[in-house]
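Read through the structure below, which is laid out as structure tokens, and then see the notes.
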Amino acid sequence: MKNIVILTLIISVFTSCFGDKKSAIGTNFKDTSFENKKFKTKVVYADLAQPCSYVAKKDLAKQYNVSVEEVLIIEGSSQNKICTIRVKLSDDENNYLMGSFSFYEEKDNLIDESSWVESWQIQKGSSKSGEWIPNLGKAALWIGKKRELRIKFKDYTMALKVPGAAFNKQEEALKRDYKKIALSLVRKINLLN
């Protein structure tokens, strides 16, 4: 038991030092300024099919300065509502930037009688690189360390993980603005317009 506790502490220290996690203690649960109360969801979760249909290869190719043929879109099963994105960087068969686009169910009113607002406040509060993005969906949270943009709709969330590679030196040298790429891609999606 003692070894498990020590191992857990070591993992926690490394995660907090090198990861994106921080303590959610001090989260301001009174701040709801990130919530866009004027936004109306156009499509219900059950009607969402083929998330890859919301991803335009030409837009990705333009953002990454590659040809359309170098962008691969891989549809997942209709049950998991996820689309895998690969952007080929070179002729090397394994030199891809990986990303994804997905929808997942997230009820507005949770079983424990809290709402999605508190859940999102905790997500933001526990991420060192989290920041609110105004005027996208009911709320939008950018998590820079993960290159991920989450947008809340009624009873579901859309998540875009922008293609990238944390340890690819070629990609790192380009110093891409992943947040700018994410915003450019999602602003063209008809669910938000």
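Read the figures in this text as sums done on the coordinates, not as results from a lab. Here the structure is a predicted model, which is why all the values come from computation and not from measurement. No Cβ is skipped: glycine too gets one built from the backbone with ideal geometry, and neighbour counts run over all protein chains shown.
Before moving on, here are some points about what is shown:
- Each peptide in 110-123, 33-46 was scored by the mean count of other Cβ atoms within 10 Å over its residues; highest first, the order is 110-123, 33-46.
- Peptide packing for 130-140, 59-69 was compared via the average number of neighbouring C-beta atoms within 10 Å per residue; ordered from the highest value, the list is 130-140, 59-69.
- Neighbour-count ranking [beta-carbon atoms within 10 angstrom, fewest first] of Met158, Met98: Met98, Met158
- With a simple spin-label model that places each label point 7 Å from the Cα along the Cα-to-Cβ direction, the separation between Ile111 and Val68 comes to 4.6 nm.
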